[in-house]
Amino acid sequence: MDDGTVDRPIDEEAPSSGSADDGAAPDPGPGATGSTASDDEPAPLAEEAVGDGRRKYVEVVTADGDRHEHGDSYLRETEAAFLVSTAPGFPRGETVTYGKDDLARVSVEQHHSSCFITTAVAGEEETLAALRGFRDDALAPSPAGRPLVTLYEAVSPPIAATLAARPDGATARAVRRLVRTCARLARRRERAAPPRSAAIGALLVAIYAVGLVVASVGHVLAAVGVGDSE
């Protein structure tokens, strides 16, 4: 987790865009351009909450205590609502709107990429680049690979948070070795010719799946208070 977590408690009124005297919008001054944001054109969150505009893990808790998680998503804020979308343009069909009156908390975890577990245990750029390349070139374009990517991005953010909190634990060390093995296989696959490249890719997926299972077990044990030896 690279930039930390930002919690946005929903317990304050949004600041008014007008003046205190007559409610009119302030004069932007000569030479100013642009338009005032509306519900149809959401204003971005403050810089400290959004980071640099990359995709992020968003957790929303409603006033009734319901919890909603959005992995690898974009977040915007209007005066009355938070909008979470899988696409940066916030298209209507891919955007969920949460009214502020119905929320208790919004948490944001910023990531450098959607390789959450890889970032948590082995954040070296070379390792990340190799596995991102395999994901983008081999898995994402494939009908069989896309569900795997979707599943990984849905379940891995909280698991990665546990690994990042215990970087020297036995679970993180084991997953780190498996992830680095996968990165080496990804680089070897790039140099291999078919059908050997396909076989290497299948082996890579299998090893990473083992790493995900190990990480998941560690996450569950941490949740129930079982220590992770160093």
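The values are calculated or read from the model by the stated rules, or taken from the named source; none is laboratory data. What you are looking at is a predicted structure, and each value in this text was computed from that prediction instead of being measured. Cβ placement follows ideal geometry from the backbone for every residue including glycine, while neighbour counts extend to all protein chains displayed.
Of note:
- Pairs linking a residue in region 129-144 that is outside the structural domain of Arg187 (by TED's automatic domain parsing) to a residue that is assigned to a helix (DSSP H, G or I) and among the acidic types (Asp, Glu), with Cβ atoms under 7 Å and 6 or more positions apart or on different chains, do not occur.
- Residue count for region 159-172, restricted to those that are crowded, with 16+ Cβ neighbours inside 10 Å and assigned to a helix (DSSP H, G or I): 8.
- Flag for Ala192 being surrounded by fewer than 18 Cβ atoms within 10 Å (Cβ to Cβ), without any contact (Cβ under 8 Å) to a residue 60 or more places away in the chain and touching a helix residue (DSSP H, G or I) at 6+ places or on another chain (Cβ under 7 Å): yes
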